């Protein structure tokens, strides 16, 4: 298993669906939430690609890496992923951005809407969608991943959201 948190969250979503005899609505909701966070953490990982702190880690290096990883704001990322500036990005980046938005909304329903209902076949399909989105993103060159991550994670100085 990969040590990347995004991979671990995707595996966690799959694991939640294995226990068929005692699976609950909450398991489906948590799996849906895991899927969004798998995408979101893959974005954060793209931000720090190539910046892994060396060993031994200086406190400043470790803190800088942590700050960079934690930079993305969920609402800002969603707005940027909907922007027109991504239209010329590689296909894998565009599909990843679309799924980030899609699963952010699904996660909000899963975590906050007590009336929302989740079906096992839909969540299983969602796992495949997220896995495909991450795979397509990973197939893009590291420069494209990093530029996308920087674009959606950072805010313009003027406070305007471009796109």
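The values are calculated or read from the model by the stated rules, or taken from the named source; none is laboratory data. These numbers were taken from a predicted model, which means no experiment stands behind them. Methodologically, a virtual Cβ is constructed for each residue, glycine included, from the backbone with ideal geometry; neighbour enumeration extends over all protein chains shown.
A compact table of results
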item: Count of residues meeting criterion [part of a helix (DSSP H, G or I), surrounded by fewer than 21 Cβ atoms within 10 Å (Cβ to Cβ) and touching a residue at least 24 places away in the same chain (Cβ under 8 Å)] in the stretch 13-25; result: 3
item: Test: residue in the stretch 64-83 that is under 20 Å from residue 127 (Cβ atoms), over 17 Å from the mean Cα position of the chain (by Cα) and surrounded by fewer than 19 Cβ atoms within 10 Å (Cβ to Cβ); result: no
item: Filter result for residue 31 (at pLDDT below 95 and more than 30 Å from residue 64 (Cβ to Cβ)); result: no
item: Some residue of the stretch 26-49 being in a loop (DSSP other than H, G, I, E, B) and either surrounded by fewer than 16 Cβ atoms within 10 Å (Cβ to Cβ) or touching a strand residue (DSSP E or B) at 6+ places or on another chain (Cβ under 9 Å) (or both); result: yes
item: Residue count for the stretch 109-151, restricted to those that are in contact with a helix residue (DSSP H, G or I) (Cβ under 8 Å, 6 or more places away or on another chain), exposed (fewer than 14 other Cβ atoms within 10 Å of the Cβ) and part of a loop (DSSP other than H, G, I, E, B); result: 2
item: Filtered residues of the stretch 58-108 (kept if in a helix (DSSP H, G or I), more than 21 Å from residue 142 (Cα to Cα) and in contact (Cβ under 8 Å) with a residue 60 or more places away in the chain); result: 76, 79, 84, 103, 104, 106, 107
